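Written below as structure tokens is the structure these notes are about.
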Amino acid sequence: MPTQTDVEMERMDRSMEQDRVEGRNAILGALPEEEWQLVRERCQRVSFHEGKILQPAGAPCEWLFFPTGAALSLMAVTQEGLSIETGLIGQEGMVGLRQLFGYQNQSLECMVQHGGTVCQLSLSWLRRASLPVFHELVLRYAGYRLGELAQTSICNRFHLVRQRLSRWLLTAGDRTGKQELEFTQEMLSAMVGARRPVVTSLIGRMQSEGLIEYRRGCLIIQDRSGLETASCECYAILCDALAEYLRGLPSRQS
């Protein structure tokens, strides 16, 4: 008779296989069958709540994270405690590129921005495993991330807070697949690198314009097309870059 652990593992296998079929994570979903079977045996599917710090900046890294439902923020934090988001990672990608390329410590803080599921893989195992297609996929994703970082740097330097906030809300909706987002104004301030009073004022103005609805800790996107108009050109550029990256991923092979 199977034990409770056996039943839980079977459920995890079925759930992960469903993720595989649905392509819930773009990198894992593009693996050929033989590599997927190796990864599947090592992959741990974990659910995290929003706000959890998965990797503090400067800490050694043991795991790579592949979101299948969660959205993860990569935060740059100064010695004074100021912070700004450098990337919002969803089902399109992974967290841990720096470590996979040989660095020991995480340079950015990784925080769960939107709660959900993540597949985590041991870094030490991935470095030893023979997974040629996996590494090709990671290199392609790294190329996409470099372009995203460059465009985000331009946006943070030259564009207005209202434009950056609009872009970020649209991106958060894309990464989570939801129009109702759980964020405090303090968190939004950190995401766009602006003072909280500025963000508070902007939220009130955008709500009066019918773009969003904000209740304590919960923001609802009401008018996506209006937010796209309020955003800078960076949102469209980043969407095109993401589409190009995803189009280049190989089809599943069995």
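The values are calculated or read from the model by the stated rules, or taken from the named source; none is laboratory data. Since the model is a prediction, treat every value here as computed from it, not as a measurement. Virtual Cβ from ideal backbone geometry, glycine too; neighbours counted across all protein chains shown.
Of all the residues in the stretch 46-86, those that are at positive phi and free of Cβ contacts under 8 Å to residues at least 12 places away in the same chain number 1.
The criterion of being touching a residue at least 12 places away in the same chain (Cβ under 8 Å), touching a strand residue (DSSP E or B) at 6+ places or on another chain (Cβ under 7 Å) and buried (at least 18 other Cβ atoms within 10 Å of the Cβ) does not hold for Leu165. Is it true that Gly210 is farther than 24 Å from Gly69 by Cα, small (Gly, Ala, Ser) and not in a loop (DSSP other than H, G, I, E, B)? Judged against the criteria, Gly210 is not a match. Here is the figure for the stretch 108-144: residues that are surrounded by fewer than 19 Cβ atoms within 10 Å (Cβ to Cβ), closer than 24 Å to Leu181 by Cα and touching a Leu at 6+ places or on another chain (Cβ under 8 Å) total 0. For beta carbons closer than 8 Å, sequence separation of 6+ or different chains, a first residue in the stretch 196-219 that is among the acidic types (Asp, Glu) and a second that is in a strand (DSSP E or B) and surrounded by fewer than 16 Cβ atoms within 10 Å (Cβ to Cβ), the qualifying pairs are Glu213/Ile220.
Here Arg140 passes the criteria (1) in contact (Cβ under 8 Å) with a residue 40 or more places away in the chain; (2) within 20 Å of the chain's Cα centre (by Cα); (3) within 29 Å of Gln79 (Cβ to Cβ) except the one numbered (3). Could you check, for the stretch 218-230, whether at least one of its residues is modelled with pLDDT under 95, more than 17 Å from His159 (Cβ to Cβ) and surrounded by fewer than 13 Cβ atoms within 10 Å (Cβ to Cβ)? The answer is yes; a qualifying residue exists. Scan the stretch 194-207 for residues that are assigned to a loop (DSSP other than H, G, I, E, B) and in contact with a Lys or Arg (Cβ under 9 Å, 6 or more places away or on another chain) and the total you get is 1.
Of all residues in the stretch 231-247 being exposed (fewer than 13 other Cβ atoms within 10 Å of the Cβ) and among the charged types (D, E, K, R), which is nearest to Phe158 (Cα to Cα)? Ranking the candidates gives Asp240 first.
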